[in-house]
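Below is one structure, written out as structure tokens, with a few remarks after it.
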Amino acid sequence: MHYQDQLRVGAAQINASLGDVDANLERHLAFIADARRKGLELLVFPELSLTGYGLGNRVIDVACPAHDPRLTELARAASEMQVVVGFVEEASPGEYYNALAILQHGKLQAVHRKLNLPTYGGLEEGKLFTHGSELTHLPVCPGWSATSLICADLWNPGLVHAALLARPTVLCAPINSASGIVSDDFSNEQNWAVNLQFYAMTYGTPVIMANRFGPEGDSHFWGGSRILGPRGDTLALAEDGETLIEAQLSRTAIARARFELPTHRDADTPLVRELMDGYR
């Protein structure tokens with residue numbers, strides 16, 4: 001099989017209208033159409049991009065099953081491009097997940113459920129959602145695959161390590177990060193940059209981070225969506241406002257970064273597992 005060396009990817013920095021799924025759907029369709037015109041092959045929207053973040057009890061009103069016709073409409077619009085969309089999944093009555101719909105080839109390919117639900121600072125997801133229990137790793141095209149982690153998933157190093165052991169060529173990172181949401185002394189803007197650069201460089205894995213920009217109630221989402229290369233270098237960085245950023249990734253560049261810093265090769269999973277067993 002021939003592996004293509006280049007992959008055109010993008011991040012859609014939008015601001016969801018809280019609780020208005022239909023209005024957000026139209027915004028998604030417009031960005032998907034723009035991305036397809038530009039020849040993108042992988043497009044990432046922010047966390048909960050179809051619903052907004054501060055839902056509270058409105059989770060019940062905006063939740064939908066994975067077979068919801070609105071997701072089907074987005075999948076058809078995506079066509080052969082892989083698109084990662086944030087939504088609230090209803091798995092059963094009263095069971096809701098902060099989830100991603102991964103769409104490609106005109107249909108839903110997979111659902112990723114957020115693993116690490118934050119309940120600190122101004123974050124109360126543990127009161128609203130059930131936590132996921134599986135990693136998601138899917139092919140994009142020959143020679144390329146992607147895994148997705150949602151926002152606080154990336155602040156649990158063990159989860160990131162486990163996800164990247166599968167050797168995806170791209171890490172998708174949809175987030176909903178508001179200024180000051182953790183504390184007055186914790187800078188989301190600065191610390192997200194450190195977090196993402198560290199993982200991209202350590203694992204030789206490009207990262208597509210999509211955050212929101214704009215207000216929601218008393219919160220301000222600061223944007224800063226970015227695409228990092230396999231050495232932690234910034235390939236694209238969003239300015240303030242709603243925008244689509246794009247970059248071209250190189251499989252050869254990934255191979256060189258991983259050969260020079262063989263984190264995957266030297267992971268020594270049996271030893272790590274043995275050491276971790278001592279903390280049960």
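Some notes on this structure:
- Heavy atoms of ILE254: accessible area, 1.4 Å probe, square angstrom to 10: 10
- Kirkwood Rh, Cα atoms: Rg over Rh of the chain: 0.95
- Relative contact order (percent, whole number), the chain, Cα cutoff 8 Å, 6+ residue spacing: 20
- Calculated FRET value between ASP268 and ALA110, using beta carbons and R₀ = 25 Å, to 0.05: 0.30
- Compared with the direct C-alpha span, the chain from SER145 to LEU29 gains 39.4 nm at full extension, assuming 0.36 nm per residue.
- Each Lys and Arg Cβ is given +1 and each Asp and Glu Cβ -1; about its Cα centre, the stretch 7-277 then shows a dipole of about 1040 debye.
- Table column - 3J(HN,Hα) (Hz), the stretch 237-243, Karplus curve with 6.51, -1.76, 1.60, x for Gly and Pro: 9, 6, 7, 4, x, 7, 7
- Think of the chain as a dipole: +1 on every Lys or Arg Cβ, -1 on every Asp or Glu Cβ, centred on the Cα centre; then among PRO69, LEU164, PHE198, LEU164 lies furthest on the positive end.
- Amide H contacts under 5 Å for THR136: SER148, restricted to partners 5 or more places along the chain or on a different chain, H placed in the peptide plane at 1.01 Å from N.
- Pairwise label distance in nanometres, ALA66 with SER92, each label 7 Å out on the Cα-Cβ vector: 1.5
- Placing a label point 7 Å from the Cα of SER250 along the Cα-to-Cβ direction, the residues of the stretch 197-213 with a backbone N closer than 15 Å are 205-206.
- Simple label model, 7 Å out from Cα along Cβ direction - ARG76 to GLN190, nm: 4.9
- Most positive-pole-ward Cα, GLY94, TYR279, GLY143, against dipole of the chain from beta carbon charges: GLY143
- Distance between the C-alpha centres of the stretch 59-85 and the stretch 146-220: 23 Å, rounded to the whole angstrom.
- For the stretch 1-107, the relative contact order is 28 percent, taking Cα pairs closer than 8 Å that sit 6 or more residues apart in sequence and dividing their mean separation by the residue count.
- Residues of the stretch 34-48 with amide N under 15 Å of a point placed 7 Å along Cα→Cβ from GLU242: 34-35, 45-46
- Whichever aspartates and glutamates have a C-alpha closer than 12 Å to that of LYS38, once near sequence neighbours (fewer than 8 apart) are set aside: GLU246
- When shorter helices are ignored and each DSSP H run of at least 4 residues is given -39500 (n - 2.57), the per-residue value for the chain at 222 nm works out to -8000 deg cm²/dmol.
- Each of the peptides 230-243, 210-223, 163-176 was scored by the mean count of other Cβ atoms within 10 Å over its residues; in descending order, highest first, they stand as 163-176, 210-223, 230-243.
- Summing charges over neighbours of ALA163, with a neighbour being any other residue whose Cβ is under 12 Å away from its Cβ, gives -1 when K and R count +1 and D and E count -1.
The values are calculated or read from the model by the stated rules, or taken from the named source; none is laboratory data. Predicted model, so just to flag it, every value in this text is computed and none were measured. Positions of Cβ are backbone-derived with ideal geometry, glycine not excepted, and every protein chain shown enters the neighbour counts. Side chains are part of the model used for accessible areas, which takes the heavy atoms of the whole protein and leaves out ligands, DNA and RNA. Shrake-Rupley method; radii C 1.70, N 1.55, O 1.52, S 1.80 Å.
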